[in-house]
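The values are calculated or read from the model by the stated rules, or taken from the named source; none is laboratory data. In this text, all values refer to a predicted model and were calculated from it rather than measured experimentally. Neighbour counts are summed over all protein chains in view; Cβ atoms, including those assigned to glycine, are modelled from backbone coordinates with ideal geometry. Protein only, heavy atoms only, side chains kept; ligands, DNA and RNA dropped before computing areas. Shrake-Rupley method; radii C 1.70, N 1.55, O 1.52, S 1.80 Å.
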Amino acid sequence: MRSACNLLNCNILRSLGDPQSELFLLTVPDNLNLGPIANSLSILAGVVNVEVDQQASVSQTTRSIPASLYQNDPVTYFGSSSRFGYVFQPATQIIRLHDTHRNFPVRGACVVAIIDTGVDPDHPTLSNVLLPGYDFTRNKSSGSEKADLEQSTAAVVDGSSAFFVNSDTAALLDQSTAAVVDDPERSALGHGTMVAGIIHLVAPQVRILPLKSFGADGSGYMSDILRAVYTAVRSDAAVINMSFSMPTGSRELQRALSHAASANIVCVASAGNQGSSVARNPAAFPDVIAVASTDNFDIRSEFSNFGSNWVYVAAPGEGILTTYPFGTFAASWGTSFSTPFVSAAVALLLDANPALSRQNVWTAISAARQVGAELGHGRLDIFQAVYRATDPLTVAY
């Protein structure tokens, strides 16, 4: 490869962390065409595959602000102080979360890796369950998404009422809170922190590994995603949460996720927010649980992608109250936020029965409430899933 790059004027930047150390990121000068170089590399002896380092994205949508965003009365939740609207929001009732916690001794004692924009390490709700993580966008040991926010660009927001940040997420902020408003370069700021908050809500003893592969604008490169997957495997994660999607496939990403599956890791991904039946990746890969979104009445969200041939399950994804950077909370919409409900449910299943195989986990998750063929097995029911995991011979629905 080095000899070829000397001839083609490309450069080997780094290994991407696959177990055989056979996968590399190459760069070429801006003035050269990628196509001919990729073609030349693909015919070299020993080269199995060549891909352009494509971009993926995380995204949300919005609807009316839910009442739970304003319900800030303090409550004790598994030994720490939290907000009433966060703990007892409609989604937790719909998926029967509290019934599950009351009837089964499950809290999620495992590692869940989040491949996303990073997580706010200083959020009081999350700080005790976060592992250090890694920032692949900067190649340094930190899973924090605050690195994308410089103090000089932060605007102090005045008031205690809800407003829309970047027209994507409704966040409850006060005078002491800094936020970047209406800046397209930071349209996804908080995305990873919001995903982490949902996982912690469902599985409060899960250790969360933030693998920052996306910037605050919501975009990320395939090479960083691949490194994150292989890092999750080496870090003994039990679950990988991928609240992102792309319209095209990637042979290398599919291979990386198959490697994770062979290590008995459960991979979960969002179906996407295009309101379409067209499959999105990585959700549509065979080793991934694809998650769609439903509203509070078990109806498919208007924005949610769907398809009986590739969506596996659905979960609430509208007006979900969760953690947001700077110690605050936000309401969020999108399959991005349905996905962590399922990832955290998997953690509860593994807590209920550590001997479960990956296939057993998929079977337990399928014990869902039927809401139409276009949403696979239906809307997530955590109580039924845990019940099935503790008694695999029981058919619950």
Fill in: Environment charge of Val106, counting only residues whose C-beta is closer than 12 Å and scoring Lys/Arg +1, Asp/Glu -1
0
Discussion item. How far apart, in nanometres, would the label points at Phe24 and Ala38 be if each is projected 7 angstrom from Cα along the Cα-to-Cβ direction?
Written reply: 1.9 nm
Practice prompt. For Gly317, list long-range residues whose amide hydrogen, built 1.01 Å from N in the peptide plane, is under 5 Å from its own amide hydrogen.
Written response: Thr294
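Can you give me the % of accessible surface on segment 298-397 that is carbon or sulfur? Probe 1.4 Å, all protein chains present, nothing else counted.
Numbers: 1570 of 3090 Å².
Carbon and sulfur atoms account for 51 percent of the accessible area of segment 298-397.
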Fill in: Probe 1.4 Å, accessible area per residue of the chain, Å²
40 Å²
Discussion item. Counting just the Cα atoms, what span does segment 16-58 cover along each of its three principal axes? Round to the nearest Å and put the largest first.
Written reply: 36, 33, 14
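I need to check one value: relative contact order of segment 216-284, counting alpha carbon pairs closer than 8 Å and at least 6 residues apart, in percent. It would help to have the intermediate numbers written out before the result.
Values: 73 pairs, mean separation 24.9, N = 69.
Reported as a whole number, the value is 36 percent.
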Worksheet item: Given the protein chains as shown and a 1.4 Å probe, how many square angstrom of Ser141 are accessible, to the nearest 10?
Response: 100 Å²
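Relative to the compact globular guide of 2.2 N^0.38 Å, what is the alpha carbon radius of gyration of segment 1-135, as a ratio? Provide the component values of the computation, followed by the final result.
Working: Rg = 24.2 Å, N = 135, 2.2 N^0.38 = 14.2 Å.
Taking N as the residue count of segment 1-135, the ratio is 1.70.
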Worksheet item: Tell me, what ³J(HN,Hα) does each residue in segment 72-85 have, in order and in whole Hz, if you take phi through Karplus 6.51 cos²θ - 1.76 cosθ + 1.60 with θ = phi - 60° and put x for Gly and Pro?
Response: 9, 4, x, 9, 8, 10, 6, x, 10, 7, 9, 10, 4, x
Worksheet item: Once Lys and Arg get +1 and Asp and Glu get -1 on their Cβ, which of Phe329, Asn31, Ala373 lies farthest toward the positive end of the dipole of the chain?
Response: Ala373
Item to complete: With a 4.7 Å Cβ cut-off, tell me which Cys residues in the chain come up empty for a partner.
Response: Cys110, Cys267
Worksheet item: For segment 6-66, which whole-number percentage of the solvent-accessible area (1.4 Å probe, protein heavy atoms only) is attributable to carbon and sulfur atoms?
Response: 51 percent
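For the chain, what is the relative contact order in percent, using Cα pairs closer than 8 Å and at least 6 residues apart in sequence? Don't skip to the end; give the middle numbers.
On the way: 975 pairs, mean separation 77.0, N = 397.
Computed over the chain, the figure is 19 percent.
Dipole magnitude of the chain about its Cα centre, charges +1 at Lys/Arg Cβ and -1 at Asp/Glu Cβ only, in debye to the nearest 20? Walk me through the intermediate numbers first.
Working: 23 positive and 33 negative charges, 198 e Å.
Approximately 940 debye in magnitude.
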Worksheet item: Which whole number in µm²/s is D for segment 277-393 by Stokes-Einstein, with the Kirkwood Rh taken over Cα pairs at 10 °C and 1.306 mPa s?
Response: 110 µm²/s
Worksheet item: Which listed residue (Ser301, Ile240, Leu69) has the Cα farthest towards the positive end of the charge dipole for the chain, taking +1 on Lys and Arg C-beta and -1 on Asp and Glu C-beta about the Cα centre?
Response: Ile240
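In Å, what Kirkwood hydrodynamic radius results for the chain from the alpha-carbon pair distances?
Values: mean 1/r = 0.0472 Å⁻¹.
Result for the chain, one decimal place: 21.2 Å.
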